[in-house]
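Have a look at the structure below, then the notes.
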Amino acid sequence: MTPRRRRMLLIGSVLLGVVVSAGLALRAFEQNLLYFFSPSEVAAGEVPSERAFRLGGMVLDGSVEREAGSLTVSFVVTDYAHQIPVTYTGVLPDLFQEGQGVVARGRLDPSGHFAAEEVLAKHDENYMPPEVAEAVARGREAQGQ
Amino acid sequence: MIPEFGHFALILALCLALAQAVLPLAGAARGNAHWMALARPAAAGQFVFCATAFAALAYAFLTDDFSVRFVALNSNTALPAFYKFAAVWGGHEGSLLFWSTVLAIWTLAVAWTGRAQPQEFSSRVLGVLGIVSAGVLLFTLLTSNPFDRLAAAPVDGNDLNPLLQDPAMVLHPPMLYIGYVGLAVPFAFAVAALLAGQLTKDWARWTRPWVSGPWIFLTLGIALGSWWAYYELGWGGWWFWDPVENASFMPWLVATALMHSLAVTERRGLFKSWTILLAIAAFSLSFLGTFLTRSGVLISVHAFAADPARGLFILMLLALISGGALALYAAKAKDLTADGGFRLLSRESFLLANNILLTIAAAAVLFGTIYPLFLDALGFGQISVGPPYFNTMFLVPMLPLAALLGIGMHAAWRNTPRHLLLDKLKWPAIFAAAAGVVVPWLVFGTTSVLTVLGIVIALWIVVTALIEPVRKLVGRGGAPLTRAQWGMFVAHLGVGLFILGATVTSAYDAELDHAATPGEQWEAGGYEFTFVGTRNVEGPNYTAVEGEFEVRRNGELVTVMRPQQRVYRVQQSPMTEAAIDAALHRDVFVALGQSLGGDAWSVRVRVKPLISLLWLGAVVMAFGGLLGVTDRRYRSQPAPRAERIEAEVPAAARPVEGS
């Protein structure tokens, strides 16, 4: 091989690598995008079915219920305009409390229940995730009208 | 009085930084030796005043001076003294002061060693560091003054965030910051080379320790952060692809690439403009990390300052510093010409592959981290990118990189005869492939393609990294290795250990959430767990419920574990304090969750095989880096003539050369 052809080969294989990895990247990216929805958006049916998403809002006071001696817990997430019932099985984060902001990742079943695979509460009691704050503000606004 | 003194010292530091930014650069441009001579005293003065300001803030913390707002927000009389000191960098304002102080220390070190370099060059380096320092000090003074007083001092402080009350917290941020900030030095060297319009092998030799040094600290800092998250955040994961984790990881990836590309620039005079670009990118990414952490655009454990004005200021500073450097690069890069060529099968090719793959990995992480921010900023809705994206995108470039690493270590500069490589690496390859397939299957009973791939590659790297050191230790194989060569093999051994740990932990981690009542027994990961019961415990500034668990293997008691569920009195925030029984071959992890009513508690147990290799691998990598930095050639003055001639000996005669 002449040096020139060798260089072309090298450049060609690098380009191919870049194209393949860019393709893989976009695919992986598309499959792992998680959208955030507020309870009002869920209630309005804006959520694509079959797809996992993140639901955020406040844990409604008095809504947390446990099955005795089991890890399954159910609670209601609200933006003070609409409410979505959520179930989760597992250990909840330290700062999970009624009346506090929460973000849950999971799927909506046909009956309108949200089955959470992961529940996040933030690491500071004064701090509310901006998305949740915004969702709650919008919910309150809608309620006021 | 003392806080005002600290504030005043900070202002003086800014004045000196401005002097250091302007005069040496102007002096170098006009050939004025007097102006250039000001660089060093300005750097020394800046260090003195930054250190004074830092000491003043530490004093305010240790004496519980709650009239200072920053102290009142982050400390408390009941806080142990150890944590009062660590609280200096436990919040936004103090950590910025710490940033400046660390930069002053690095600058002082550069000024000290720069005496062996041409005055014009070292003046430019110090001038660029002065610009960076002035920007950050200005930011601190204008938006985040740690010495601000409160009109009325509270009786007691708000306490340090309980998450940060941990021994690793005392070390993790300083390590990371020393690494982050240290990358300003190769950045300054790169800009100085661009200003001079030429890049010599001497330049590369001067720069290399200033990349490896910060890299060592970054490596240790990231590993410590990961370890801290593992036991303190409570749930036993060790890497979450949290945006702030990514913010520290991207500079690390690029610094790693830079370290390798500099090796080529030093030995062969190649990859010059690429090296410059990487140096600019590495520091820009650490600056971006600061922006991401401080701007409040991220939802994260780390994001304690949510103030858009601050974010904007940092973004402008970033645009100014990185944008300026890139503009200079665009204008001057054409002057940097390569000194020679190389063949396909050579050290240079492997290092080129290393650079490309590391850059791709860093770009993928960058994309996943900031794309959601862009979408949100443009009003296209709020999204987040899940860990599976990062896992895939990171593995795709990393697997070939790790596989090539084993060969690259043994390739010679310029050209390597194929048969030499084949002879040397045939048996390691066969061994790694066989052991990688058979051992996990024998030990764990199951395996998968990705697991086999991971283990084979890990063993391949470990074995190929050991070939030369072992040959030297048993007294065969010619000339002794230089310390830099030892460093290369040791650091790569660390990479192999890390990959082994990461693969095995991810593949064979046993995790179980359980609703447990006292006296109950259950099994996970080959261990039997017995929940004995709970009791109440009083700590210095918290109360806790402590669970007791007996852990048995085949009926024999291994250990008794006592995880806690704490409530810190001042902030009234609950915290899980997991119990971990660590050993080289596995960690047993028990965390107490919530009371489920009655005596029942939610409990998470995990058995994580070989997780210790993650941290061990990182420490070994860092130690390899340390060996590299302390090599004689970085301590000596400009290379003696003999050494340069020796470097020109044909490659085939020297199968292993320093990286």
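Against chain A, whose longest principal axis comes from its Cα atoms, helix A:3-32 is set at around 10 degrees. Using the alpha-carbon centroid of each, what span in Å lies between the range B:372-432 and the range B:44-115? Taking the Cα centre of the range B:44-115 as reference, the centre of the range B:372-432 is 39 Å away. The angle between the Cα long axis of helix A:130-144 and the main principal axis of chain A comes to about 50°, on a 0 to 90 degree scale. Across peptide B:362-375, the mean count of Cβ atoms from other chains lying within 10 Å of each residue's own Cβ comes to 2. Note on A:15-24: average number of Cβ atoms from other chains within 10 Å of each residue's Cβ is 3.
Run the helix sum for chain B: -39,500 (n - 2.57) per DSSP H stretch of 4+ residues, divided by residue count, reported at 222 nm to the nearest 500 deg cm²/dmol. Mind showing how you got there, number by number?
Numbers: 21 runs with 410 residues, N = 659.
So the calculated ellipticity at 222 nm is -21500 deg cm²/dmol.
For the range B:561-578, putting each phi into the Karplus relation 6.51 cos²θ - 1.76 cosθ + 1.60 with θ = phi - 60° gives couplings of 10, 10, x, 10, 10, 9, 10, 7, 5, 5, 8, 6, 9, x, 9, 8, 10, 6 Hz, in residue order, rounded to whole numbers and with x for Gly and Pro.
Per the Debye formula on identical point scatterers at the alpha carbon atoms of the range B:500-605, with no solvent, log10 I(q)/I(0) at q = 0.15, 0.16, 0.18, 0.21 Å⁻¹ is -0.65, -0.73, -0.89, -1.11. Per-residue Cβ neighbour counts within 10 Å put A:Y88, B:Y83 in the sequence A:Y88, B:Y83, beginning with the fewest. Taken as Cα centroids, the range B:308-339 and the range A:66-93 sit 49 Å apart, rounded to the nearest whole angstrom.
To the nearest whole number, what is the average tally of beta carbon atoms from other chains within 10 Å of the beta carbons of peptide B:443-455? List each step's numbers first, then the result.
Numbers: counts 0, 0, 0, 0, 0, 0, 0, 0, 0, 0, 0, 0, 0.
Counting Cβ atoms of other protein chains within 10 Å of each residue's Cβ and averaging gives 0.
Taking a ≥ b ≥ c as the square roots of the eigenvalues of the alpha-carbon gyration tensor, chain B is classed oblate because a/c is 1.5 or more while a/b is no larger than b/c. Ratio of Rg to Rh for the range B:85-209: 1.10 [Cα atoms; Kirkwood radius as inverse mean 1/r over pairs].
In the range B:137-232, how does Rg compare with the Kirkwood Rh, expressed as the Rg/Rh ratio over alpha carbon atoms?
Working: Rg = 19.4 Å, Rh = 16.7 Å.
Radius of gyration over Kirkwood radius for the range B:137-232 works out to 1.16.
Hey, can you rank B:488-500, B:52-64, B:22-34 by average C-beta count inside 10 Å, highest first? All intermediate terms of the calculation are to be shown ahead of the outcome.
Details: B:488-500: 24.1, B:52-64: 20.5, B:22-34: 17.0.
Put in order of decreasing packing, that is B:488-500, B:52-64, B:22-34.
Just the projected area, averaged over all directions, of the convex hull on the alpha carbon atoms of the range B:1-141: how many nm²?
Details: hull surface 32.2 nm².
Dividing the Cα hull surface by four gives the mean projection, 8.1 nm².
Let a ≥ b ≥ c be the square roots of the eigenvalues of the Cα gyration tensor of the protein assembly as shown; is it rounded (a/c under 1.5), or, if not, prolate (a/b larger than b/c) or oblate? In terms of gyration-tensor shape, oblate.
Lys pairs in the protein assembly as shown, Cα-Cα under 20 Å, at least 8 apart or on separate chains: how many? Numbers along the way, then the final one.
Working: B:K201/B:K272; B:K201/B:K332; B:K201/B:K334; B:K272/B:K332; B:K272/B:K334; B:K424/B:K472; B:K426/B:K472.
Taking the protein assembly as shown as the scope, the lysine pair count is 7.
The Rg/Rh ratio for the range B:195-277, using Cα coordinates for both the radius of gyration and the Kirkwood hydrodynamic radius, is 1.15. If a/c stays under 1.5 just call it rounded; otherwise compare a/b with b/c (prolate if a/b is bigger, oblate if not). Do that for the range A:36-144, with a ≥ b ≥ c from the square roots of the Cα gyration tensor eigenvalues. In terms of gyration-tensor shape, oblate.
Couplings 3J(HN,Hα) for the range A:45-59, derived from phi with the Karplus relation 6.51 cos²θ - 1.76 cosθ + 1.60 (θ = phi - 60°), are x, 7, 8, x, 6, 6, 10, 6, 8, 10, 10, x, x, 9, 7 Hz, where x marks Gly and Pro.
Return A:F29, B:F47 ranked ascending by Cβ neighbour count within 10 Å, so the fewest neighbours appear first.
A:F29, B:F47
The peptide list B:461-469, B:507-515, put in order of mean Cβ contacts within 10 Å with the highest first, becomes B:461-469, B:507-515.
Summary of packing: across the peptides B:140-149, B:188-197, B:446-455, the per-residue average of other C-beta atoms within 10 Å ranks them, highest first, as B:188-197, B:140-149, B:446-455. Charge dipole (Cα centre; +1 on Lys/Arg Cβ, -1 on Asp/Glu Cβ; no other charges) of chain B amounts to roughly 2980 debye. Springs join every pair of Cα atoms under 10 Å in this Gaussian network model of chain A, and among A:G112, A:G62, A:G23 the largest mean-square fluctuation is at A:G23.
Below 8 Å, C-alpha to C-alpha, sequence gap of six or more: please give me the relative contact order for chain B in percent. Please report the intermediate quantities before stating the final value.
Details: 1193 pairs, mean separation 78.4, N = 659.
Over chain B, the number comes to 12 percent.
Just so you know, all these numbers are worked out from the coordinates, no wet-lab data involved. From a predicted model like this one, the values you see are computed outputs, not experimental measurements. Note that each Cβ is placed from the backbone with ideal geometry, even for glycine, and that neighbours are counted across all protein chains shown.
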